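Here the structure is laid out as structure tokens; the discussion comes afterwards.
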Amino acid sequence: MKEILYKFEEFKQRVDTAKPIHHAAKRKTKDGFFYKLFFRLCGIDKNNGHIIIFEAQANSTLADMERHPSEYRKFVEKHAKPLGSTEGAWLQ
């Protein structure tokens, strides 16, 4: 089973920090003008062994796309580094 969580505090309470935690990001377009940056942390639930995913998003337009790498770095600093997460690929 896989569960997506949108509250970081809930993810922190449930994730098994003794097991690896991984983060990655991807960008999706909507109508060719609006973009969404999806940041995900993946780990194992310490209570039942299922995969849990924390997801955060940043919205932008085509004109603001160049700020996605800095948004990604903010997500990493705020969510991934405190948990010792390993970095994945930047998916387009």
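Tabulated results
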{"item": "Residues located in segment 1-17, provided they are open to solvent by less than 40 Å² (accessible area, probe 1.4 Å) and of a type in the set (D, E, K, R)", "result": "ASP16"}
{"item": "Tally, over segment 1-17, of residues that are outside any helix (DSSP H, G or I) and either among the basic types (Lys, Arg) or free of Cβ contacts under 8 Å to residues at least 12 places away in the same chain (or both)", "result": "2"}
{"item": "Every pair of residues 6+ apart whose Cβ atoms lie under 6 Å, when the first sits in segment 31-47 and is more than 19 Å from ARG73 (Cα to Cα) and without any contact (Cβ under 8 Å) to a residue 60 or more places away in the chain while the second is open to solvent by 70 Å² or more (accessible area, probe 1.4 Å) and not hydroxyl-bearing (Ser, Thr, Tyr)", "result": "PHE33/LEU62; ILE44/LYS19"}
{"item": "So GLU77, is it part of a helix (DSSP H, G or I) and surrounded by fewer than 10 Cβ atoms within 10 Å (Cβ to Cβ)", "result": "no"}
{"item": "Residues that are at pLDDT 85 or above and either more than 15 Å from the chain's Cα centre (by Cα) or open to solvent by 70 Å² or more (accessible area, probe 1.4 Å) (or both), drawn from segment 23-34", "result": "LYS28"}
{"item": "Residue in segment 35-51 that is nearest to GLU87 (Cα to Cα), counting only those that are open to solvent by less than 40 Å² (accessible area, probe 1.4 Å) and of a type outside the set (A, V, I, L, M, F, W, C)", "result": "GLY43"}
{"item": "Looking only at segment 52-74, and only at residues there that are part of a helix (DSSP H, G or I) and open to solvent by less than 30 Å² (accessible area, probe 1.4 Å), the one that is modelled with the lowest pLDDT", "result": "HIS68"}
{"item": "Test: PRO20 is open to solvent by less than 90 Å² (accessible area, probe 1.4 Å) and in contact with a strand residue (DSSP E or B) (Cβ under 9 Å, 6 or more places away or on another chain)", "result": "no"}
{"item": "Candidates ALA80, ALA89, ALA58, ALA24, filtered to the one that is hydrophobic (A, V, I, L, M, F, W, C) and without any contact (Cβ under 8 Å) to a residue 24 or more places away in the chain", "result": "ALA58"}
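The values are calculated or read from the model by the stated rules, or taken from the named source; none is laboratory data. As the structure is a computational prediction, the values presented were derived from the model and not from experiment. Because the Cβ atoms are built from the backbone with ideal geometry, glycine has one as well, and the counts that use them run over all protein chains shown. Side chains are part of the model used for accessible areas, which takes the heavy atoms of the whole protein and leaves out ligands, DNA and RNA. Shrake-Rupley method; radii C 1.70, N 1.55, O 1.52, S 1.80 Å.
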